[in-house]
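The values are calculated or read from the model by the stated rules, or taken from the named source; none is laboratory data. This structure is a prediction, so every number in the text was calculated from the model and none was measured. Here the Cβ is made from the backbone with ideal geometry for all residues, glycine too, and neighbour counts use every protein chain on show. Just the protein is used for accessible areas: all its heavy atoms, side chains included, with ligands, DNA and RNA removed. Shrake-Rupley method; radii C 1.70, N 1.55, O 1.52, S 1.80 Å.
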Amino acid sequence: MNSASSDRSLPKQARVVIIGGGMAGCSIAYHLAKLGWTDVLLLERAQLTSGTTWHAAGLLTTLRDTETQTRLAAYSQQLFRRLEEETGQATGLIECGSIQLALTAAKAEEMRRGYRAAQSWGIECREIDAAEVQRMWPLAYVGDVQAAFHFPNDGRINPTDVTRALAKGARRAGVAFFENCPVTAIEQHGGRVTAVISALGRVATGIVVNCAGMWARQVGQLAGVDVPLQAAEHYYLISEAVAGVHPRLPILRDPGRSAYIREEAGKLMVGIFEDVARPWRVGGIPPDFTFGEIPPDWDRMQPHLERACERVPVLAQTGVKLLFCGPESFTADHNYLMGEAPNLRGFFVAAGFNSLGILSGGGVGFVMAQWIAQGNAPMDVWSVNVRRAHAWQNNPRYLADRVVETLGIGYQEHWPFRQWTSARAVKRSILHERLAAAGACFGESAGWERPNWYARAGQKPEYQYGWGRQNWFENNAEEHRAVRETVGLFEQTSFAKILIQGRDAELALNRIATADCRVPVGKVVYTQFLNERGGIEADLSVTRLAADRFLVVTAAFTATHVIAWLREHIEAERHCIVTDVSDGWCMLNIQGPRSRELLSALASGDWSNAGFPFGTAREVQIGYGQALALRITYVGELGWELYVPVPFAIGVYDAVVEAGASLGLRHCGYHALNSLRIEKAYRDWSHDIGPDDTPLDAGLSFTCAWEKPGGFIGREALLALRSQPRRRRLVQFLLRDPDAMLYHNEPILLNGARVGLITSGMFAHTLGGAAGLGYVSEERGVSDELIASGRFEILIGDRTVPARATLKPFYDPTAVRPRS
Ligand SMILES: Cc1cc2nc3c(=O)[nH]c(=O)nc-3n(C[C@H](O)[C@H](O)[C@H](O)COP(=O)(O)OP(=O)(O)OC[C@H]3O[C@@H](n4cnc5c(N)ncnc54)[C@H](O)[C@@H]3O)c2cc1C
């Protein structure tokens, strides 16, 4: 290994500088080298692997919470199989397989749904019974096992050796490694990174990759980039030798006990993912923590270890060789932080691996290297994109409180609609107390408390989770019906509001948006922003407020990404400024056939179809206040979004509620918004559409103004695709069995063969069954005829449920209602 030594001096410049020589940094170096990028420098504060990597347990288990995590793990598995032969460095790979236990019917249902999706991503898995678990794991107690799942290709590796192998491969290709070389400063100019300053000198570079593990937050701060992660204590125990234990013993994952158990040199290793974890060094990670350990807290671990002994009773009679505690970094949502920073070009991040950094490390290197070299990731990585994070999340107290919950979440029940319980109430609308008084059961998105559904008088606004109809099913049904039959009020203050202003605002926006934004003042335009490949980076509304001013509205969780996208794609010479004005306005969304009656009674002006046409906006006087009213819909009904300056919001809300009482106005939550939009087949960005889906696939090409002057980003890619047969199309499904529920990732079968996955699903109360959206892929093309005549079924766990399929929405296919 190269290291800092007297005969080697640090180069003065490099194409890429990687900060950190753990699994992430070495894997990115290896993969950049594979792409022919060898003018790469890796700077390590101490020695390679000396942060967190050296003490990882090395589990390679592929079925993860999300498709992205699963694909990253699957790639790692393939890479680690060939790495030893390729580099000559042993990796300690043992392909022993893994078994995951389900101790409750609900966990079995979750696992069945999960492994069915994983099969679609190429993961081998089968359900086994308790007797088979016993045969594979004779020392395990299986009396409480309801179901179990065997992943024959899973295994384990030695994290230090794998990292060395990656470093060896990279170094052979020409990447330079410098150990004992902490980075102490990062220089930038004009919004781009320009150099790193290290203990061994300055290196000029246009690309920096922050792979500093639990220090990544501090390294980010050197550059003014938020990397919201926090270290927490993480434990495993190694017993004394146990007879009958051998290396081929599958890894046993026991979510009921938040534990995994595996062989380790004739002994047993027990890893614990506590439900309530303990953050470590909230004020900052010490700069000299090298191959460090945290003194273990035996009292704290005792109950967990006792529960592990119930699973493998021989442990209770076996001595303990080591109780190990080490720090690992966790994020606010149990997903990684990867990609280019939203506010500094050329500054990439790969950190926050939530104790999955080894098993995903190969995939992380593969994705990051392409992202750096080609400017985009080779697959949809939104769920791990650092641009989903928000600056406020770097608040140390927030992170410390949240990681208490994050650490254990992977082993807990992954209920549909599950809500975080820690670090809540970060952002509240000024209407919060009124909504609570109306019965709101709040959920969290991007830190905002948002009403998901409203409890009736005497009903507690609390979730009772399950895989079938949950306790709020009827509340949702009533809210859903109110919007279809009378009028509903959605409080959507969390939505991001962004002003685009300046002499060149129209020109700049028109190149970024698919739709033609050269519209008269007061016109609302529904559009997408595309990448160069034609993939959908944003899905939003644009309202022209003045000749030189536009308002962009998008979901709160996409705000960082959309703002960065706009700033990066507005050409430098344009006079155009992007400003986030989200917090200045509340948003009340009034939808339903009686919304016109309600608003006419309350607000100034002509609300008739001719006086206030669909797709237009204007300032209105309402109650004692004023608002910007947009006539658009995300639920498929007549309705208006009211953007109310915060000081007027309480008065306007009170006036709406009072006037609505006699019309049957009902408070409606985000679950109703979702069930209504799925019923109407409106797409949701990050579920149904994303950077890998084109408007052609998604049935959204009607937004594309093909002939507008100057075109739009992604147009050429779309034109090339447009001339080819459609091999992938977004379809709406309706289950024929009203008791079956759809959520996400259920496989779609066409004439018995898998052709895609459900991207979002919910019970559609007007249609009387669960509805969902999902892509159907067919090499020979997906014609209207195929969708109309094919035999569709959805695979829900063990059940194959017949479904109707359509390209036009089942509900109001000709979109008469919003325009009425
Ligand atoms: C007890 C335990 C068990 C685990 N078991 C597993 C498992 O079974 N499977 C799994 O997938 N994951 C596991 N993990 C998680 C895994 O270890 C981590 O996710 C992974 O090692 C993170 O790798 P990294 O490269 O991001 O960070 P690190 O390995 O910490 O590397 C970051 C590097 O950056 C360097 N650095 C920091 N600051 C600077 C600076 N200013 N300049 C230069 N260099 C700097 C550090 O010295 C360090 O070497 C476990 C973690 C723990 C704690």
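Average 1/r across all pairs of distinct alpha carbons in the chain, invert it, and you get the Kirkwood radius: 28.2 Å. When you count the other C-beta atoms within 10 angstrom of each residue and take the mean per peptide, 302-315, 142-155 line up highest first as 142-155, 302-315. Probing with 1.4 Å while keeping every protein chain in the model, the per residue accessible area of the stretch 253-396 equals 33 Å². Taken over the stretch 350-461, the percentage of Cα pairs per 10 Å bin, counting from 0 up to the bin with the maximum distance, is 11, 32, 31, 18, 7, 1. With the cut-off at 1.5 for a/c, could you classify the stretch 289-437 from its C-alpha gyration tensor as rounded, prolate or oblate? In terms of gyration-tensor shape, oblate.
Once you reduce the stretch 770-813 and the stretch 149-180 to the center of their Cα atoms, the two points are 43 Å from each other. Taking label positions 7 Å along the Cα-Cβ direction at both ARG574 and SER789, the computed distance is 4.7 nm, reported to one decimal.
Think of it as helices only: each DSSP H run of n ≥ 4 in the chain is worth -39500 (n - 2.57), and spread over all residues that comes to -7500 deg cm²/dmol at 222 nm. Of the accessible area of the stretch 1-159, computed with a 1.4 Å probe over protein heavy atoms only, carbon and sulfur atoms account for 45 percent.
Lysine pair count for the chain (Cα-Cα distance under 16 Å; residues 8 or more apart in sequence or on different chains): 4. Taken over the stretch 143-193, the convex hull of the Cα atoms encloses 278 Å³ per residue.
All C-alpha pair distances within the stretch 338-379, sorted into 5 Å bins from zero, spread as 6, 23, 30, 24, 13, 4 percent across the bins. Based on Cα contacts under 8 Å between residues 6+ apart, the stretch 425-569 shows a relative contact order of 18 percent. Per residue, the convex hull spanned by the alpha carbons of the stretch 578-709 comes to 156 Å³. Report the net charge of residues surrounding LYS12, where surrounding means a beta-carbon distance below 15 angstrom and charges are Lys +1, Arg +1, Asp -1, Glu -1. Every neighbour counted, the sum reads +1.
Each label was represented as a point 7 Å from its Cα along the Cα-to-Cβ direction; for GLU293 and LYS12 these points are 4.7 nm apart. A probe of 1.4 angstrom, applied to the heavy atoms of all protein chains, finds SER789 with accessible area near 80 square angstrom. Ranked by the mean number of other Cβ atoms within 10 Å of their residues, highest first, the peptides 359-367, 272-280 fall in the order 359-367, 272-280. What the Cα atoms of the stretch 172-274 give is an Rg and a Dmax of 21.2, 64 Å.
Dividing the mean sequence gap of close Cα pairs (under 8 Å, 6+ apart) by how many residues the stretch 225-376 holds gives a relative contact order of 28 percent. Note on ASN751/LEU663: beta-carbon distance plugged into 1/(1 + (r/R0)^6) with R0 of 56 Å gives a FRET efficiency of 0.70.
Multiplying the residue separation of SER600 and TRP121 by 0.36 nm and subtracting their alpha-carbon distance yields 167.2 nm. Counting Lys and Arg as +1 and Asp and Glu as -1 over every other residue whose Cβ lies under 14 Å from the Cβ of ASP693, the net charge comes to -2. Taking Cβ atoms as reference points and 10 Å as the exclusive limit, the residues near ASP784 contribute a net charge of +2, counting Lys and Arg as +1 and Asp and Glu as -1. How would the stretch 387-439 be classified by its alpha-carbon gyration tensor: rounded, prolate or oblate, with rounded meaning a/c under 1.5 and the a/b versus b/c comparison settling the rest? Oblate, since a/c reaches 1.5 and b/c is not below a/b.
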